[in-house]
Structure formats: C-alpha cells, structure tokens
1. Roughly speaking, what is the stretch gain from Phe37 to Leu52, that is 0.36 nm per residue apart minus the C-alpha to C-alpha distance, in nm to one decimal?
2. Calculate the dipole size of the stretch 56-96 relative to its Cα centre from +1 charges on Lys and Arg beta carbons and -1 charges on Asp and Glu beta carbons; express the result in debye to the nearest 20.
3. Using only alpha carbon pairs under 8 Å that are at least six residues apart, calculate the relative contact order of the chain and give it in whole percent.
4. Just need the Rg to Rh number for the stretch 1-41, please, alpha carbons only, Kirkwood Rh.
5. Could you tell me what percent of the accessible area of the chain is made up of carbon and sulfur, with a 1.4 Å probe and every protein chain present?
6. In a shell of Cβ-Cβ distance under 11 Å around Met1, excluding Met1 itself, what net charge do Lys and Arg (+1) and Asp and Glu (-1) give?
7. Heavy-atom accessible area per residue, the chain, 1.4 Å probe: how many Å²?
8. Between Arg92 and Asn8, with labels modelled 7 Å along Cα→Cβ, what's the label distance in nm to one decimal, could you check?
Amino acid sequence: MIVSGGENVFPGEVEELLYAHPEIAEAAIVAVPDAEFGQRLAAFVVRHPGALLDAEGVRAYVRANLARFKVPRDVDFALELPRTNTGKLLRRQLETQ
C-alpha cells in the first residue's frame, strides 16, 4: 500500500487498470518520495510494439477510470521491467530509478 497525501492507494488496482489498456504490455506502480505528500505514485510502463501512448495518455486513462489521487504523477517508459530469473518483478530497482 502507498500512502500519498493521506490517501491509501493499492498499486495492484492501478496496475490492473494499466494492463487492460490495449497499448500497454506491462506496468508497475511504485512509491517515490514526495516533499509535499510524503509519497507519490510512479508508473513504469512497457508499450506494445508500435504503440504511441505517451505519459499524458497514461495519466488521462487512469484519471478516467479511477479516483484522482490514484493517478501516477510520474510515468516512465521502458523496454522491459526488471525481473528475477523466476519472473518476479524487482520493484526495488524501479524505486531507485
């Protein structure tokens, strides 16, 4: 759970929504430090080949489907997300990027 400005956000809920987007192949939500809110949401997104989705498109999609405080302020695109040999997502590596 991520606590941002007193609101509780479950990353899985936002990730599930992002996975439903037709242009997103993979997604991860992590907490990053924020001076004003304590923590804020950051999204790491892997687009499907040929997808043109940008950061504002990701935020608009989340904003249209979830509460305002669940919209990630930071959206970073990657070719792949870091995983262990068994396929588990390495969130700690994302949090330090």
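The values are calculated or read from the model by the stated rules, or taken from the named source; none is laboratory data. All values derive from a computational prediction rather than experimental measurement. Neighbour counts run over all protein chains shown; Cβ positions are idealised from the backbone, glycine included. Calculation scope for accessible area: heavy atoms of the full protein, side chains included, ligands and nucleic acids excluded. Shrake-Rupley method; radii C 1.70, N 1.55, O 1.52, S 1.80 Å.
1. Length gained between Phe37 and Leu52: 2.3 nm.
2. Magnitude of the dipole: close to 240 debye.
3. Relative contact order comes out at 26 percent.
4. That ratio is 1.06, to two decimals.
5. Here it works out to 51 percent.
6. Counting the neighbours of Met1, the net charge comes to -2.
7. Averaged over the residues of the chain, the accessible area is 60 Å².
8. Each label point lies 7 Å from its Cα, and together they span 2.6 nm.
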